[in-house]
1. Considering only residues of the stretch 156-170 that are part of a helix (DSSP H, G or I) and surrounded by 19 or more Cβ atoms within 10 Å (Cβ to Cβ), which is nearest to the chain's Cα centre (by Cα)?
2. Looking only at the stretch 120-138, how many residues end up being buried (at least 23 other Cβ atoms within 10 Å of the Cβ) and outside any loop (DSSP other than H, G, I, E, B)?
3. Going by the conditions given, is LEU364 more than 17 Å from ALA259 (Cβ to Cβ), modelled with pLDDT of 85 or more and surrounded by fewer than 22 Cβ atoms within 10 Å (Cβ to Cβ)?
4. From the list ALA199, ALA261, which one is of a type in the set (A, V, I, L, M), open to solvent by 20 Å² or more (accessible area, probe 1.4 Å) and not in a strand (DSSP E or B)?
5. Within the bounds of the stretch 159-181, is there any residue that is among the β-branched types (Val, Ile, Thr), touching a helix residue (DSSP H, G or I) at 6+ places or on another chain (Cβ under 9 Å) and modelled with pLDDT under 85?
6. Right, GLY48: open to solvent by 20 Å² or more (accessible area, probe 1.4 Å), of a type in the set (Gly, Ala, Ser) and modelled with pLDDT under 95 or not?
7. Quick check on the stretch 3-23: of everything there that is under 22 Å from GLU210 (Cα atoms) and at pLDDT 90 or above, which residue is most open to solvent (accessible area, probe 1.4 Å)?
8. So is SER197 without any contact (Cβ under 8 Å) to a residue 24 or more places away in the chain and closer than 22 Å to ARG264 by Cβ or not?
Amino acid sequence: MLFSDLGLQPELLRAIADQGYTEPTPIQQQAIPAVISGRDLLACAQTGTGKTAGFTLPILQLLMPGTNPLRRVARAPRVLVLVPTRELALQVEDSVRTYGKYSGVNSFPVFGGVGINPQIAAIRRGVDILVATPGRLLDHVQQRTVDLSAIEILVLDEADRMLDMGFIRDIRKILQLLPERRQNLLFSATFSDEVRSLAKGFLRDPLSVEVARRNTPAELVSQSVIHVDRDKKKELLLHLFSQHGWHQVLVFTRTKHGADALARKLDKAGIAAAALHGDKSQGARTRALADFKAGKLVTLVATDIAARGLDIDQLPHVINYELPNIAEDYVHRIGRTGRAGSAGEAISLVCADERDNLRGIEKLIGKSLAVTLVPEFAPSAHPQPPVTPPRKPGGERRGPSGPRPASTGRPGGAHGKHRSGSRHH
């Protein structure tokens, strides 16, 4: 199947061709016709499957003048895309700009961590597609700087992550502010009971699309484990860089403090590195990602939340310097590689007190991970007891139901009822 078989307008096909694409991915093949037809959609798609273009392309088609002319109301937004993090907001907005450059449709992202006044000015000038994190959108609602009365299409992107981050109250508040008659699209990497319950509350007779088995890592990613003592992990990582000559590696840590410390260690060893986490300013995060994509940085050291929504084509290596506490996060982590048909490698450095985490991951993905032996870093027979990593004010914590914000909040908005200071990501 070709994009030209999906009934897209010439302006969109031209923009797609500019990017060098001719064949839609499976999620695009199913989602694009459904959205164009006006159906509500419940779609399960892992990262790297092309899901963002799967909804931006048909939405652009519906909004283009002459295709399905829908009356503008006082320059109010016609489409609302809710996302969990500012990185994903920028990614979606970039997709709209890329594929909509010949369409006459415009978009704008709103998220915390940056000044609100430029956002207010952009919204007043008129925005067709508003891409927003829930917390900052509610800031605009409270200040009466956004009008949601003309929304015709609502998209919830990465709904599972939004629920994990505690946005359910915010989402429900936003749903109450939207017109009752609208088209609804929900995208999620997993169909948990919570996601299905949310979908049941606002989707109307949705078409259900699932293009990947639940919690299945990318088929093209080779996965392995190296067992090592905790205090030897940094030396082992440097050894792996030296042995393999890696040039583009995404390394995951559990905490912001750990990401900073490891990035400094790598940089000191001559491996150009930067940390990526929620305490970094938006400018610093955008700059680090751009430098990484351009090859100026060899390594990004990231926390799970900061890496959510990162769109890096042909990323060859993901290293789990520390295993996540939540098994599903492992799937999201390694989904950063093995994208767009390219092979990828995911290596996890596992110490004794992470064995339970490893068992949970293997149970989730339905297989045991291959073990690679590095003799000079073989773990000792009597491993050290676990230690609690140092905490900074505002450091990341995890509760039984997923990521929890400390006093400074989390990327993309507030958690629960407490809002003060929680929208600066």
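The values are calculated or read from the model by the stated rules, or taken from the named source; none is laboratory data. Just so it is clear, the model here is predicted, and its values are computed rather than measured. Please note: Cβ atoms are built from the backbone with ideal geometry, for glycine as well, and neighbour counts cover all protein chains shown. The accessibility values were calculated without ligands, DNA or RNA, using every heavy atom of the protein model including side chains. Shrake-Rupley method; radii C 1.70, N 1.55, O 1.52, S 1.80 Å.
1. Selected residue: ARG161.
2. Counting residues in the stretch 120-138 that are buried (at least 23 other Cβ atoms within 10 Å of the Cβ) and outside any loop (DSSP other than H, G, I, E, B) gives 8.
3. The answer is no for LEU364.
4. None of the others qualify; the one that does is ALA261.
5. No: the stretch 159-181 contains no residue that is among the β-branched types (Val, Ile, Thr), touching a helix residue (DSSP H, G or I) at 6+ places or on another chain (Cβ under 9 Å) and modelled with pLDDT under 85.
6. So GLY48 fits the description; yes.
7. ASP5
8. Here the answer is no, as SER197 does not meet what is asked.
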